[in-house]
Every structure is written in C-alpha cells, then in structure tokens.
Amino acid sequence: MRPLIWALLLFAAAVAVALALANATGYVLVVWPPYRMELSLALTIVGLLTVFALAYLALRFLSQVLALPAEVKAYRARRRTRCHTDPCGLFRVRHPQPSERALSHRSSAAVTWRHDADPASTLAALVCGETRGDTP
C-alpha cells in the first residue's frame, strides 16, 4: 500500500510542476562562442535537477565502491574470529549446556582448528563430548 501512495504523490507532484511551468515564458540563453543556445526555463530546471541527481548517485556509488575493501576486511576478521572460537557453530547446536569435560574438549577443538589443517580431527574433537557420554 505504501508504494502505491508514494507513486500517487510522485505523479501529483509531476502534474503540479507541469501546470506551474506550462505558462512560463522565460528562457535561458547559453552562449559559448561560437555557439548560442536558447532553452526554455522548464527544460533548464529539469536538466539541472537531473544532473544533480545523477552526480549524487555517482558519488554515492563511488563511496560504496571505495568502502568495499574495508568492509571485506572486517567481514573476514569477524568470520576468522568466529571460526577460531566455535567452528561453524557446531558446539552450540550439539551441546546447549555443556559439561566441564565437553568444555575441555571444545577448547582442544579450537586449538586443533587453529593449528591443524585437517578438519576431520577438529570435527572429531567437537563431537567427542557426546561420544564419550558427556551429554548434558
């Protein structure tokens, strides 16, 4: 419903501007030797607003593009930190209230995750609390 109201307001504004500028007899004379151009006032206003809007959008796009490396770096740091402390969130899913023994296996799994290239040993260390009977 909200987009419909916005569209109606936009069309109403366009009609109001068209009615206001319909009887405008003014013009703008642009002289750049050897050229001379005569434009209506309405066309000049619409053109200037269009140029302003395009410049604004281009600057917003450029600022977003220039901010991407910092955002990617922050994302990777967050992801790296989360994976070192709780790889893939498996511990929270399997052990909502872990025992002391399961917590010690979790810390060994985090060390394994950081220093070992074999993900199978990490997964084994994560689930060892349940396989040894350390279920809560």
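The values are calculated or read from the model by the stated rules, or taken from the named source; none is laboratory data. In this text, all values refer to a predicted model and were calculated from it rather than measured experimentally. Backbone-built Cβ (ideal geometry, glycine too); neighbour counts: all protein chains shown.
Worth pointing out:
- Arg60 falls short of the stated requirement of being surrounded by 10 or more Cβ atoms within 10 Å (Cβ to Cβ), in a helix (DSSP H, G or I) and at pLDDT below 85.
- Figure legend. Inter-residue proximity from region 18-40: first residues of a type outside the set (Ser, Thr, Tyr) and assigned to a strand (DSSP E or B), second residues exposed (fewer than 10 other Cβ atoms within 10 Å of the Cβ) and modelled with pLDDT under 90, beta-carbon distance below 6 Å, spacing 6+ or different chains. No pairs are indicated.
- The set of residues in region 19-41 being modelled with pLDDT under 85 and either surrounded by 10 or more Cβ atoms within 10 Å (Cβ to Cβ) or hydrophobic (A, V, I, L, M, F, W, C) (or both) consists of Ala20, Leu21, Ala22, Ala24.
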